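The next block holds one structure in the form of structure tokens; read it before the comments.
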Amino acid sequence: MFDATLTGRAAVVTGASRGIGEAIAAALLRSGADVTTLQRGPHSDELRATARELGRTLAHVPVDFADSRSVGAAIDQVGAVDILVNNAGAQIRHDAVDFPLDDFERVLAVNVNAVFQLSQGFGAGMVERGSGKIVALASLLTFQGGLRVPAYAASKGAVGQLVKALSNEWAAHGVNVNAVAPGYVRTEMNEALIADAERFRQLSDRIPAGRWASAEDIASAVVFLCTPYADYIHGAVLPVDGGWLAR
Ligand SMILES: NC(=O)c1ccc[n+]([C@@H]2O[C@H](COP(=O)([O-])OP(=O)(O)OC[C@H]3O[C@@H](n4cnc5c(N)ncnc54)[C@H](OP(=O)(O)O)[C@@H]3O)[C@@H](O)[C@H]2O)c1
């Protein structure tokens, strides 16, 4: 019915140095896209090997998402793309009574301001050309409040609203703006939770699927939203959470 491959599409993925972003970059390469990553450090050896084996282009533009000038320069350097995945995210934990304002602002800068700046920067061209896919990484904390992470919860709530706001303006121009809300994924972001045996057990017991997500579980949903199979999906926040929110 459709050609669901992404052959020849130009994709940008933010924060692909590790974790979910690296898995998304690999999955997009496997689906046929050429990928430019916006990230601080270099690509992992595994990601480089995947691109080489597939014969796809894998480029890297260095950027700090806490600095809007750095984000603007990266957008200018990359130019037009078909797909944008806003994956990079920052997490800082403190009790709310002690949460430093600087940390609060830093989390908001990376998780919200940069997501808007990138969506606008790459999305304007998509709107002009009449096609494009933008996917952001939301969270269970788009829906719930969490503990000791008020900045992160506020930022991911904002991501959920931002994809709806952008999609209301851009859907008629053939641009799909959506989010994936991962459940608990075994990445560096969750080191503190995984290290706390009691909290880890409590969280794990509550997941209907009976396991934490892999980065690839999340990447699969992101790639789906980048294909023509998702052409009529606009402004959605898709939970990929092993059933957590249904419980
Ligand atoms: N893991 C989960 O359970 C989970 C659940 C829900 C949502 N998410 C979301 O999914 C996304 C990926 O999470 P993850 O678990 O893969 O996180 P991760 O392992 O901590 O990786 C985060 C990525 O973001 C980059 N990043 C953070 N701050 C940056 C900055 N100021 N400038 C440039 N790059 C920056 C990191 O780059 P460096 O390597 O340079 O630090 C890294 O590539 C995030 O948006 C996160 O909020 C994750």
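All of the numbers you see were taken from the coordinates with simple rules; none came from a lab. All values reported here derive from a predicted model rather than from experimental measurement. When we count neighbours, we look across all protein chains shown, and the Cβ atoms used for this are built from the backbone with ideal geometry, even at glycine.
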Against the rule of thumb 2.2 N^0.38 Å, how large the Cα Rg of segment 117-226 comes out | 1.24
Taking Cα pairs under 8 Å and at least six residues apart, what relative contact order does the chain come out at, in percent?
-> 20
Scan around residue 240 for amide H atoms under 5 Å from its own, H built in the peptide plane at 1.01 Å from N, and keep only partners 5 or more places away or cross-chain.
-> 181, 183
With each run of n ≥ 4 DSSP H residues scored as -39500 (n - 2.57), what mean residue ellipticity at 222 nm is computed for the chain after dividing by its residue count and rounding to the nearest 500 deg cm²/dmol?
-> -13000 deg cm²/dmol
Provide 189, 126 in ascending order of the number of other Cβ atoms located within 10 Å of each residue's Cβ, fewest first.
-> 189, 126
At q = 0.07, 0.11, 0.13 Å⁻¹, what is the log10 ratio I(q)/I(0) for the chain, with the Debye formula run over Cα points and no solvent?
-> -0.22, -0.55, -0.77
Any idea which of 246, 132, 222 is furthest toward the positive side of the dipole for segment 120-247, if Lys and Arg beta-carbons carry +1 and Asp and Glu beta-carbons -1?
-> 246
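Would you mind working out the magnitude of the charge dipole of the chain relative to its Cα centre, with +1 at each Lys and Arg C-beta and -1 at each Asp and Glu C-beta, to the nearest 20 Debye? List each step's numbers first, then the result.
Details: 21 positive and 26 negative charges, 70 e Å.
Roughly 340 debye for the chain.
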Shape box of segment 30-75 [Cα atoms, principal axes, largest first, Å] | 35, 19, 12
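For residue 93 and residue 188 in the same chain, what is the full-extension length gain: residue separation times 0.36 nm, less their Cα-Cα distance, in nm?
Numbers: separation 95, 0.36 × 95 = 34.20 nm, distance 1.35 nm.
Stretched out fully, the residue 93 to residue 188 stretch lengthens by 32.8 nm.
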Set of segment 226-247 residues, backbone N closer than 15 Å to the point 7 Å along the Cα-Cβ line of residue 164 = 234-239
When the Cα centres of segment 122-145 and segment 155-233 are compared, how far apart do they sit, in Å?
-> 12
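Give me 50, 57, 227 ranked fewest to most by other Cβ atoms within 10 Å of their Cβ, as a rough exposure proxy.
Details: 50 20, 57 12, 227 17.
Listed from fewest to most nearby Cβ atoms, that is 57, 227, 50.
Can you sort 204, 31 from fewest to most other Cβ atoms within 10 Å of each residue's own Cβ? Show your work: numbers first, answer last.
Numbers: 204 14, 31 21.
Arranged by neighbour count, lowest to highest, 204, 31 become 204, 31.
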